[in-house]
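See below for the structure under consideration.
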Amino acid sequence: MQLCIFDLRRGQQEGQELDKILFFFPADLPFATQLSVIGLSEGLITFTRIFSPDAACEVIEAERHSHVFYEAESDIWMVMVVDKSKESKAACQVDALRKVLKEVHSLFVLFHGTMRSMLEKETSGGLIRSHLYPFITDYLSGKPLFYCSIPKAADFLTGRKLQLPSFHDCLMERGTVQMLTVGREAAIEVQSLVKVLECSAGTTSCYSLVLFQDLLVSTTLSPDDTISLFTYAVLRLTPHALSSGATSWSYLQRTNAGSQVPALSTITNSGSVSDNIYRSQNNCQVKRPLHHNRWFRGNDGFLASDIWGTDNGSQTSVTPIVYLQLTEERMYLCAYQHKSLTIILLVPVSSILNGEQGLSLVKQQVLENASLKMLMVEEKLSKGWGGENAYHVSGYRYLLVDDERVSRASPPAKVMTLAKESLLALSKLREEVNLEKKRAKCSNKLEICVRAKNGAWVIARTSRGKELYMVLEKASETLLYAADSVEKFSNRYCSGVFSLD
Amino acid sequence: MSSSDSSSSSASDDPNPKLKPQPLESQFQSSLTLEDSDGVARTDDASVAEQQQEQQDEGSGNGSVDGVVNVEDNGHRDSSDREEGIGSGEARDGDGGSGGGGGVVWRRANSEVELEVEAPASPSSSGYAGGRGSSGASSASRADDASEEDEIEVVGNDDGGAVGAPDSQAEWTPGKRHVDEDDASISWRKRKKHFFILSNSGKPIYSRYGDEHKLAGFSATLQAIISFVENGGDRVKYVKAGMHQVVFLVKGPIYLVCISCTEEPFESLVAQLELVYGQMILILTKSLNRCFEKNPKFDMTPLLGGTDVVFSALIHSFSWNPAAFLHAYACLPLPYATRQAAGAILQDVADSGVLFALLMCKHRVGTSLKVISLVGAQKASLHPDDMLLLGNFIMSSESFRQVTSESFSPICLPRYNPMAFLHAYVHYFDADTYLILLTTRSDAFYHLKDCRIRIETVLLKSNVLSEVQRSTLDGGMRVEDLSVDLQQHTGSTSRVEDKPHTETPERIRESSLVGLGGPAGLWHFLYRSVYLDQYVSSEFSSPINTHRQQKRLYRAYQKLYVSMHSKGIGPHKTQFRRDENYVLLCWVTPDFELYAAFDPLADKALAIKTCNKVCQWVKDVENEIFLLGASPFSW
């Protein structure tokens, strides 16, 4: 797998092509190779614009490689090159791969603001390069960057292969949030908790996100910000994320903690230019929000991390700041955890005058006003919670997507029981539906039922912005029976959206 | 490529060819071919002789030798030739004075020579000159036709997004479109479906829209993309951007590219490129690869001169001829005995040294071909794609289409043997019905002529031709007849069929009108017999009555076909698909494939029942709608 980010507004003069490259993974690839990947990408972006000026190149499909394109910001492109012989399962999952790129970008913007603004702030490109490199490597490898890049440690990388989306993932949807279904009573409790939380901050313009396990309970953020923050929370903040980090990475953590800066310069040995690229900003402490195992639960219940350093005066961790996409407003991110309940409170930086001190006051307020409510909400939600398989519907393997933002699916363990043929057929069908969606925008009703070679029914339905994908392996032979099963599911779990009028 | 239509020889009985005004180059052309008809390859290039030898070894006749000679000639003249451009007739004339010694062969002239090399064996071979003269003249008249086509090109525009597409297929006229455009024109960029053929050195060979010469730069870009990826040890298949797809197909030294925003799946587009390549092989054989081995800068446009009408007709057919994606051919419905009679006489002929004998007819609308009967010599089998390409070649070339004329032309069947030329004798019995006799022998003209006379006598005696005409008028299966059929034979059940329980007021109104589809909202169907390599398609009926709607339905079928046959996991067994336009039902079994289109509001249960009825119906009449038994595949 290769992943690069380049800016078409840079390096347009001969001899300065390297200036285009903002990021390239793996970094130890010779520059000639890096430039050739970017050259081909750039060439095809220009070429396709002849015919399709509004939507330039999205994918190059070759016999051995797929190049997946994503224009993250205008003229800033992310391109992922997948080797089909090595990543055969990921091949052809173009839409899923593009969603990976989209996710990386939205997470980056959440913590660092847009790439363009960073480039404008520091035109040499050194700043953004020094940020992108650790950020994306953390994201991709799920491990500290220095293990990926030192040639000697190469076997670490091969030993832990990157998990790219594959056809096995066709019953899930990246870039959406998963919601917890809550009863009426619990919903009212949550509602009042949210009110108390936002009042505690003492300002009206703060936002909150409530999660139970890895599921969203409530949000007052815009949909896009919700998705970014939810993604981050599930990656690094929820109890599940905290514990998995502790178990699988503790060894690496212990032996290498603190060696971050020397490692950064080690990786740059591969070339003199990259030396400049990555070292130039070393003194200006690059924050790595996706760095593993850096979040822990403090004694007060608030989550803390040393990623952003420690406050000189109080010896407490510095609270991270995130950017809201629409308003570009900067917000302090405070996360509180009680058992399975994770609460994220975003407080405008502008409303807190004296930094960490001011924040700790806010936190105190929250604890005073809301801790009881949080206990109650947690208890209520736990009672109603059906466990891992809460959303399993026996006999069905399904994915339900609402407005491309919210999704619910059969639990992964249940999806695993499906035959490879069924999954391949569904993943192919999803591709077809994606094409139709692109053509017609959401408003169309579409119903496709395919009986695959192995006898499984693979079904896709779209209606009023909702999508339903389903595999029925044990359904009977007839189309009518399969259609009937969908109808029943639709009536019971989708309030009849997919039922025929 | 020139825009004149001069793709094949035609020993036409045109009574007064000389009366037609001849453009300068045509006059020159006939004089040149006269010189050439001496049969002397005027060249000192040793490799040419070598080529001739190779060609002969492969069993192709003199024709291809001449063709290759010309190829080489042009290879040498390449650059100057290109610079000349179109309409520099005077310069050519001047050059022509110096004779054929230096390999003076021009694009149009060349193509004429290349494809009419069999003239020595033509009916007027008592005097080669006479035969040549008349063909030169006929090409002149064809050039006139071409210019007429140019005038109405806007009306005839088929896929053009900018200009309104015609709603009737009848308005489509073959030939090159929009020659004035190039890649800088907005209108060119907005065309929905481009096709390009180029050489691996980036030389343009064919472009569906625009002038190839003006597209040299664009062509070089395409070449650069392909070779850039190739240099990385890979091969580019397609590029997607928005609704656009750029599909690449590399065939040795030939690159084919399609740029489309028609939403056809990649698999369909690449299959279409394969057919375009096949069409080129049909005209030139695959031995042209050697020309590229010898001279990578080889310019083959002159070889294909005048054949762009063949390519445009093929590309046009992709939008409405299901044979292109089904890889099957259609038969004209005929009483079993009639087809038997036709088959018997063809078989007679086949036993006397004819490789394939095909009796075909033109569909009422457009130029789709339907087989009346076909017979192959022992063990020889004809691939449906070859039939499509052969039919397209013959029907799109004006020269073949003159009733009562007879033509003899070298052609290659890419699926049968891509390396060698066969020789096709073509004769039209009437405006719609024609006979193709294929042989490996280049001197078989008189024999084939005799065969044709025998066949014609029998066909007239046994009334086959009148039956053909009647059938052409009557058309094929109609979905409306399905309900009638059911009422006659299955009484009570048909009443259920007629009243789908999801009926909306609109539907009741529709089904109460005559000619609005068949039972349960059935609008159309395609049935492909897997063993026979044949398909039958119902006649279009309301509401699928405009060309635009028919094209949309074919595209939907095509998409369904690809979806059902998806690589690696296919074929699927069944598919039901409902969108805003149709309910489509597809059923694939080892014996047959059924594709049916219904009203988008059709009831699922009734649609399934109706599909079963269609299958039964087809089986009931298969004697009449398919060519059984006598097919070459049973040998």
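Here are the numbers for this structure:
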| item | result |
| --- | --- |
| Stretchable slack from A:Arg9 to A:Ala440, in nm (0.36 nm times residue separation minus alpha-carbon distance) | 151.9 nm |
| Solvent-accessible area per residue, Å², over the stretch B:327-474 with all protein chains present [probe radius 1.4 Å] | 33 |
| Per-residue mean of C-beta atoms belonging to partner chains within 10 Å, peptide B:573-585 | 5 |
| Zone of A:Arg492's modelled label, taken as backbone nitrogen in the stretch A:407-422 under 20 Å from a point 7 Å along Cα→Cβ | A:408-418 |
| Computed label-point distance, nm, for sites A:Asp311 and B:Asp481 using a 7 Å Cα→Cβ extension | 8.8 |
| Using distinct alpha-carbon pairs, which all enter the 1/r mean, Kirkwood radius of the stretch B:327-474 in Å | 15.1 |
| In the stretch B:540-635, GluC sites (Glu not before Pro) in a DSSP loop with at most 10 other beta-carbon atoms within 10 Å | B:Glu580 |
| Loss of accessible area when A meets B, both sides summed, Å² nearest 100, probe 1.4 Å | 4100 |
| Per DSSP, loop chymotrypsin sites (Phe, Trp or Tyr not before Pro) in the stretch B:236-291 with at most 14 further Cβ within 10 Å | none |
| Model label zone, A:Ser351; criterion: amide N under 15 Å from point 7 Å along Cα-to-beta-carbon; scope the stretch A:321-340 | A:322, A:324, A:329-335 |
| Estimated distance in nm for a label pair at A:Phe31 and A:Asp54, the labels positioned 7 Å out from Cα along Cα-to-Cβ | 4.0 |
| Lys/Arg +1, Asp/Glu -1 at C-beta; the stretch B:327-474 dipole; positive extreme among B:Ala420, B:Phe445, B:Gln347 | B:Gln347 |
| Exceeding the 24 Å Cα-Cα cut-off - candidates A:Lys438/B:Lys237; A:Lys20/B:Lys214; B:Lys190/B:Lys240 | A:Lys20/B:Lys214 |
| Förster-model FRET efficiency, 56 Å R0, A:Asp403 and B:Thr404, C-beta, rounded to 0.05 | 0.25 |
| Which of A:Thr123, A:Thr342 is most accessible, then next, and so on - probe 1.4 Å | A:Thr123, A:Thr342 |
| FRET efficiency estimate (nearest 0.05) - Cβ-Cβ, B:Lys567 to B:Lys619, R0 22 angstrom | 0.15 |
| Heavy-atom accessible area per residue - the stretch A:405-487, 1.4 Å, Å² | 42 |
| Mean separation of Cα contacts under 8 Å, 6 or more apart, over the residue count of the stretch B:386-469: relative contact order % | 20 |
| Residues of the stretch A:284-333: accessible area per residue with a 1.4 Å probe, Å² | 50 |
| At R0 = 22 Å, FRET efficiency that the Cβ-Cβ distance of B:Ser381 and B:Tyr336 yields, to 0.05 | 0.45 |
| Cβ-defined net charge surrounding A:Ala56, 13 Å radius [Lys, Arg +1; Asp, Glu -1] | -3 |
| Antiparallel content of DSSP bridges confined to the stretch B:327-474, in %, to 5 | 95 |
| Label-to-label distance, nm, for residues given as A:Lys102 and B:Ile186 (7 Å Cα→Cβ offset) | 3.1 |
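The values are calculated or read from the model by the stated rules, or taken from the named source; none is laboratory data. Just so it is clear, the structure is predicted and the values come from calculations on it, not from any experiment. Every residue, glycine as well, gets a Cβ built from its backbone with ideal geometry; the counts of neighbours run over all protein chains shown. Accessible surface areas use protein heavy atoms only, side chains included; no ligands, DNA or RNA. Shrake-Rupley method; radii C 1.70, N 1.55, O 1.52, S 1.80 Å.
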